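Scroll down for the structure; my scribbles are underneath it.
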């Protein structure tokens with residue numbers, strides 16, 4: 001598959017991500033109102049929606065004219081958003097479902113907005129970015145930048161939980177129901193996992209770029 005063919009696939013996949021992201025947002029607003037912003041799932045997917053929208057807008061002329069149009073900012077934005085969305089997927093599969101009980105697997109993966117924000121959008125974004133999207137000057141330092149949204153989310157929600165302004169919404173954020181050590185360990189695991197995941201996506205992308 002040549003470079004433009006990959007770009008066309010990526011463009012179509014990002015259109016799908018915009019549509020699915022908007023549907024997921026509508027369902028989330030209906031279910032949670034403004035409370036949706038307290039969930040990392042929604043925050044990461046809104047980030048993904050914005051990144052895909054930027055990709056579609058900046059790539060439109062290239063898609064129409066038959067040229068590959070790669071925007072430096074947008075490609076880095078897509079990298080960050082994809083990393084955050086993949087973290088959402090992995091936390092759901094390896095943390096939330098085991099903690100809640102595997103009988104809840106169907107709901108966590110396919111119930112309501114979860115179908116879009118826990119499953120479809122993270123998987124499609126990973127496939128699109130890793131295998132089809134062109135990237136300008138992708139460097140290892142970008143992996144460190146990618147976990148900044150996760151650090152901000154963790155710092156804010158843990159602080160609000162400590163001040164009893166917020167409760168959860170995830171079990172590992174409920175600082176009054178676990179030891180300080182447990183909270184610290186969870187912070188390190190989630191933030192460290194975010195960086196590790198970003199590095200993994202970086203490695204796969206680099207290999208894909210070399211193979212192209």
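The values are calculated or read from the model by the stated rules, or taken from the named source; none is laboratory data. Remember, it's a predicted structure, so these values are computed and weren't measured experimentally. Glycine also receives a Cβ, built like all others from the backbone with ideal geometry; neighbour counts cover every protein chain displayed.
Out of everything in segment 155-173 that is touching a helix residue (DSSP H, G or I) at 6+ places or on another chain (Cβ under 6 Å) and within 17 Å of residue 99 (Cα to Cα), what residue ends up being surrounded by the most Cβ atoms within 10 Å (Cβ to Cβ)?
Among residues in segment 155-173 that are touching a helix residue (DSSP H, G or I) at 6+ places or on another chain (Cβ under 6 Å) and within 17 Å of residue 99 (Cα to Cα), the one surrounded by the most Cβ atoms within 10 Å (Cβ to Cβ) is 173.
Tell me whether segment 162-174 contains one or more residues that are more than 22 Å from residue 32 (Cβ to Cβ) and in contact (Cβ under 8 Å) with a residue 60 or more places away in the chain.
No, segment 162-174 has no match at all.
Please specify each residue of segment 123-140 satisfying the condition of being in contact (Cβ under 8 Å) with a residue 60 or more places away in the chain and either part of a helix (DSSP H, G or I) or in contact with a strand residue (DSSP E or B) (Cβ under 9 Å, 6 or more places away or on another chain) (or both). Give the derivation first.
Let us first name the residues in segment 123-140 that are in contact (Cβ under 8 Å) with a residue 60 or more places away in the chain, namely 124-138, 140.
Selection gives 124, 125, 126, 127, 128, 129, 130, 131.
Give the residue, chosen from 22, 97, that is over 16 Å from the mean Cα position of the chain (by Cα), assigned to a helix (DSSP H, G or I), closer than 27 Å to residue 190 by Cα and modelled with pLDDT of 95 or more.
Just a single option satisfies the conditions, and that option is 97.
Within segment 175-212, count every residue that is touching a residue at least 60 places away in the same chain (Cβ under 8 Å) and either in a helix (DSSP H, G or I) or in contact with a strand residue (DSSP E or B) (Cβ under 8 Å, 6 or more places away or on another chain) (or both).
12
Mind checking whether some residue in segment 100-107 is on the phi < 0 side of the Ramachandran plot and either in contact with a strand residue (DSSP E or B) (Cβ under 9 Å, 6 or more places away or on another chain) or touching a residue at least 12 places away in the same chain (Cβ under 8 Å) (or both)? Steps first, please.
At the first step, the residues of segment 100-107 found to be on the phi < 0 side of the Ramachandran plot are 100, 102-107.
Restricting the remaining residues to those that are either in contact with a strand residue (DSSP E or B) (Cβ under 9 Å, 6 or more places away or on another chain) or touching a residue at least 12 places away in the same chain (Cβ under 8 Å) (or both) gives none.
Checked segment 100-107: no residue is on the phi < 0 side of the Ramachandran plot and either in contact with a strand residue (DSSP E or B) (Cβ under 9 Å, 6 or more places away or on another chain) or touching a residue at least 12 places away in the same chain (Cβ under 8 Å) (or both).
Looking at segment 141-166, which of its residues are outside any helix (DSSP H, G or I) and modelled with pLDDT of 95 or more?
To start, the set of residues in segment 141-166 that are outside any helix (DSSP H, G or I) comprises 147, 163-166.
Across segment 141-166, the qualifying residues are 163, 164, 165, 166.
Does residue 92 qualify as being more than 24 Å from residue 3 (Cα to Cα), in contact (Cβ under 8 Å) with a residue 40 or more places away in the chain and assigned to a helix (DSSP H, G or I)?
In short, yes.
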